Every structure is written in structure tokens, then in C-alpha cells.
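Report on one structure; see the data block that follows.
The values are calculated or read from the model by the stated rules, or taken from the named source; none is laboratory data. Predicted model only: the values in this text are computed from it and were never measured. Every residue, glycine among them, receives a Cβ derived from its backbone with ideal geometry; neighbour counts consider all protein chains shown.
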Amino acid sequence: MNIAKMTALEIRVAITNKEISAVEVMTDTLDRMNALEPKLNAFVTTTPELAMEAAKVTDKAVMSGKELGLLQGIPISVKDLINVRGVTTTFGSRTRVNNIPEDDAPSVERVRAAGAGIIGKTTTTEFGSKAGGGDSPVSGVTYNPWNLEKTPGGSSSGAAASVAAGITPFALGTDGGGSVRIPSSLCGLFGIKAQFGRVPVFPTSATPTLAHVGVLSRNVRDNSFTVASYLRVRWQRPCKCI
């Protein structure tokens, strides 16, 4: 299987049907991330331990016949404006390099509950305040995988670059004035600005009434699939969704 080209739904079904293990998926994902990161600079922090822990939990659940979460075993990245418990959240600013949140953001809590494995925090422009470029004082410049001389856009720069490069099938980003939609368009992805009613936002951004958490993915179906996990919607027969 070429995991880099698989959709989130395809990965979910393959794991459920025991065609591939979650540990194999995560190992391939982390290997691809490590190989491409020197060129893309899409991550400010990587969390391989969290990713492999989630994968092992998934494999145990599969082998024991337990009911699986909607995103069980699927690798995901989280923009560095969104809190992941125990992992540095810099907001792309040197003023926050020592900020280690004690709690997950609601969106992270929900994708974790659905079984996803977080491989790292993706780069963002400082406080998500610049949409046209992909640079910050903390992480430097992030590059577009389609053309390394071009920008992936912002402010969800690393999220777009990593998904377009096939590292994860989708990523969590944020969007106030286009910070999911602009990099999605520049990297050939599908991105949506969700609504507070569907995806709660915390911590609030510099534009608290404008910025929402959204998903970047390589196709529309994976995006809808991910948003369904926020709503805790249980799809009884996921194989039919492909």
C-alpha cells in the first residue's frame, strides 16, 4: 500500500479490515515526515511518541474486537495555534516558546477521542496574522511541496505543506480571514472554515470573533469525514463511504 496516497477513509477501512496495522501506518507516516521535513520545514514540533502510542492503542482495539473511533489510527497534524496537552504551543512567536498547555483544545480533544494520532505541531505565521507567506520568527520559512521556490501561503502554512506532501491525509488549521482557505488553494487542497457551533475554539486568537478551527485535506470527503468526528457522529458502515 502507498499510504502517502491513501485517503483518511481508506486508511480507516484498511485498519478495520486488518489489511494493515496502525503501527505500520504511523511508522510510514513518521518516516515520510522525517524525510521531507528538511525540504519543507512544515513542523515546529514533532510528537512521534504521541503518534505511536495512539497507533498501539488502535491495534490493541482492532485485535480485541473493540468498537473503533471514527478516526482510529489515522495520523494527523495540529497547527501551532491550537493547544495539545503537554506539547509546546508557540503561536509562531518567540514570546511563547515556553508555553506548554495543560489541556487539549476542544478540537484536539475530540480527534484524540476519535482515535487519531498526532504526529506534530505545524508551522504558522506569527499569531496567525499573515496569510500571504509561510514564515515566522520561530520556525523560519515553510515551502510549498509542489514547488520549493513558492510559498504554501498562510497562516496554516505547515498544515497545507504536510498534507499536500502526503505526510498526513488531513490536518487541523485555523482560519480568520483565509488562513485555511488560502494555503489550501495554493497547495491544491480542500479547506473549509468551520463554525463555532460545530467546532469550539480555544484558546482564542488575536481575532477572537473571526478565527475558527478548520480542516485541510486532499479531498472533500476526507474533510467531511473529519468534521463528523467533531460532532461525534457515528458512521455505522464506513466501508460504504469510499
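Structure values in brief
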quantity	calculated
Which numbered condition residue 143 fails, given (1) closer than 13 Å to residue 79 by Cβ; (2) surrounded by fewer than 24 Cβ atoms within 10 Å (Cβ to Cβ); (3) at pLDDT 95 or above; (4) of a type outside the set (Asp, Glu)	(1)
Residue in segment 185-214 that is farthest from residue 150 (Cα to Cα), counting only those that are of a type in the set (A, V, I, L, M) and more than 15 Å from the chain's Cα centre (by Cα)	201
Selected residue (only one of 97, 44, 108, 78 is among the β-branched types (Val, Ile, Thr), touching a Leu at 6+ places or on another chain (Cβ under 6 Å) and touching a residue at least 24 places away in the same chain (Cβ under 8 Å))	78
Any chance residue 149 is out of contact with any strand residue (DSSP E or B) (no Cβ under 6 Å at 6 or more places or on another chain), under 17 Å from residue 42 (Cα atoms), among the acidic types (Asp, Glu) and without any contact (Cβ under 8 Å) to a residue 24 or more places away in the chain	yes
Where a residue in segment 60-72 is in contact (Cβ under 8 Å) with a residue 60 or more places away in the chain and surrounded by 12 or more Cβ atoms within 10 Å (Cβ to Cβ) and its partner, wherever it lies, is of a type in the set (D, E, K, R) and not in a helix (DSSP H, G or I), with Cβ under 9 Å and at least six apart	70/232; 70/234
Test result for residue 37, of a type in the set (D, E, K, R), without any contact (Cβ under 8 Å) to a residue 40 or more places away in the chain and either within 28 Å of residue 179 (Cβ to Cβ) or surrounded by fewer than 23 Cβ atoms within 10 Å (Cβ to Cβ) (or both)	yes
Residues within segment 79-88 that are within 19 Å of residue 140 (Cβ to Cβ) and either modelled with pLDDT under 95 or surrounded by 24 or more Cβ atoms within 10 Å (Cβ to Cβ) (or both), tallied	3
Members of segment 152-192 that are part of a loop (DSSP other than H, G, I, E, B) and either surrounded by fewer than 20 Cβ atoms within 10 Å (Cβ to Cβ) or small (Gly, Ala, Ser) (or both)	153, 154, 155, 156, 165, 166, 176, 177, 178, 179, 188
Those residues of segment 6-27 which are part of a helix (DSSP H, G or I) and over 16 Å from the mean Cα position of the chain (by Cα), in sequence order	10, 13, 14, 15, 16, 22, 23, 24, 27
Among (1) buried (at least 23 other Cβ atoms within 10 Å of the Cβ); (2) without any contact (Cβ under 8 Å) to a residue 40 or more places away in the chain - the single one residue 102 does not satisfy	(1)
Selection status of residue 183, in contact with a Pro (Cβ under 7 Å, 6 or more places away or on another chain), closer than 27 Å to residue 26 by Cα and modelled with pLDDT of 95 or more	yes
Residue check for residue 60: in a helix (DSSP H, G or I) and under 20 Å from residue 135 (Cα atoms)	no
Output for segment 101-114, where each listed residue is in contact with a Ser or Thr (Cβ under 6 Å, 6 or more places away or on another chain) and either hydroxyl-bearing (Ser, Thr, Tyr) or modelled with pLDDT of 95 or more (or both)	101
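Matching residues to (1) outside any helix (DSSP H, G or I); (2) under 21 Å from residue 162 (Cβ atoms); (3) modelled with pLDDT under 95; (4) within 13 Å of the chain's Cα centre (by Cα):
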residue: 35; (1), (2), (3), (4): no, yes, no, no
residue: 50; (1), (2), (3), (4): no, yes, no, no
residue: 77; (1), (2), (3), (4): yes, yes, no, yes
residue: 99; (1), (2), (3), (4): yes, no, no, no
residue: 119; (1), (2), (3), (4): yes, yes, no, yes
residue: 133; (1), (2), (3), (4): yes, yes, yes, no
